[in-house]
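Everything below concerns the one structure shown next.
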Amino acid sequence: MKNFFKILLPISIGVFCIYFSFRNIDFSDFTKYFFEINYTWVAIGIILGALSHISRSYRWKYLINPLGYKLGFMNSVLAVFSAYLINYTIPRAGDLARATMISKYEKIPLEKTLGTIVAERAVDVICIIVLICIGLIIEFQRISEKLISLTQDTEISLILIYFGAFLLLLFVSNRILKKSKYYKSIANFFSGIIEGLTVIFKMKKRNLFIFHSIFIWLMYLLMFWATSKAFVELHEVTFFQLMISFTLAALSIMFSNGGIGIYPLAVEESLGWYGIQSTTGLAFGWVSWLSQTMMVVIFGGLSLFVLPFINRNKK
């Protein structure tokens, strides 16, 4: 059951979303975009995405330093890119792998590196909430109308019911875990993680940490915007409308391996709110996802190879 939820369920969600998104799409109309788009803008999007990952690597130092340890920038960059690649196998497994790598090569206790990554994710959640709030304010009427129409769609209603049942199963599993003999040891382990969360309030360079947090998400947004410029059909879509689409796509990543299947579907559905044809929205979603995936596969693969090599002399 545990292996199913960790591996097979995310893959199943991705496969279902691929089928769901292509069920009414003419494949020849879809593939023509890959020969017509301006790949210069796609390359710019890849560079912006890489800058966000590098900034995330640098920001990590501000979380590690207050704990009394030093984090090498090169190790941080390589571990971050490796983690993004590993996330394509098991969702969020990359976070554990990143913490383990840095714990091994920088001699930092694992629970402390995990705690700082949890702190990072907490900040990312805040950034996502801010983007959602901005989107709700600017596009409140359109979003509210779409949510109402979704509740009247039979297929969407069934998906929501299955998702609700999944959440209920997770809740029940958590209640069972609390009664097991391993609960206390798990609780002790997470107390070390809580210490990592508190470093945000201890760091001396909070302003630089905040700057990098804003910069990371700004680069994500500009990456999405730049890639959209590769499509002539999307030139009339405003930045704020693209921001809504990006936010939904970013949220979708947590449900499948690296967002496969569900990321392009989220882009297609959200751009459809603004009159963009399904084929165009889906093609843009796949180009955006594939370009970033290609970057992660190349740099993540190199990072996994180089990381032990540059640390080979460390005891």
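The values are calculated or read from the model by the stated rules, or taken from the named source; none is laboratory data. All of these numbers come straight from a predicted model, not from anything done at the bench. All Cβ positions, even for glycine, are placed from backbone atoms using ideal geometry, and neighbour counts span all protein chains on display.
Quick look at the numbers
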{"read-out": "Every residue from the stretch 257-267 that is among the small types (G, A, S) and buried (at least 24 other Cβ atoms within 10 Å of the Cβ)", "value": "G259, G261, A266"}
{"read-out": "Some residue of the stretch 57-78 being closer than 30 Å to E269 by Cβ and either assigned to a helix (DSSP H, G or I) or touching a helix residue (DSSP H, G or I) at 6+ places or on another chain (Cβ under 8 Å) (or both)", "value": "no"}
{"read-out": "Among (1) over 17 Å from I132 (Cβ atoms); (2) in contact with a Leu (Cβ under 8 Å, 6 or more places away or on another chain), the one test that S291 misses", "value": "(2)"}
{"read-out": "Failed condition for A230, given (1) at pLDDT 90 or above; (2) assigned to a helix (DSSP H, G or I)", "value": "(2)"}
{"read-out": "Evaluation of Y88 against (1) in contact with an Asp or Glu (Cβ under 9 Å, 6 or more places away or on another chain); (2) not in a helix (DSSP H, G or I) (one fails), failing number", "value": "(1)"}
{"read-out": "Subset of the stretch 36-58 (residues that are among the charged types (D, E, K, R) and modelled with pLDDT of 90 or more)", "value": "R56"}
{"read-out": "Qualifying residues in the stretch 268-302 (those that are hydroxyl-bearing (S, T, Y) and surrounded by fewer than 22 Cβ atoms within 10 Å (Cβ to Cβ)) - the one farthest from T247 (Cα to Cα)", "value": "T279"}
{"read-out": "Scope the stretch 95-144; condition assigned to a loop (DSSP other than H, G, I, E, B), touching a helix residue (DSSP H, G or I) at 6+ places or on another chain (Cβ under 9 Å) and within 30 Å of F309 (Cα to Cα); matching residues", "value": "I108, P109"}
{"read-out": "Residues satisfying the stated conditions in the stretch 105-133, i.e. exposed (fewer than 15 other Cβ atoms within 10 Å of the Cβ) and farther than 17 Å from Y84 by Cα", "value": "K107, A122, V125, I126, I128, I129, V130, C133"}
{"read-out": "Leading residue by the ranking (nearest to I90 (Cα to Cα)) among those in the stretch 233-264 that are in a loop (DSSP other than H, G, I, E, B) and of a type in the set (G, A, S)", "value": "S256"}
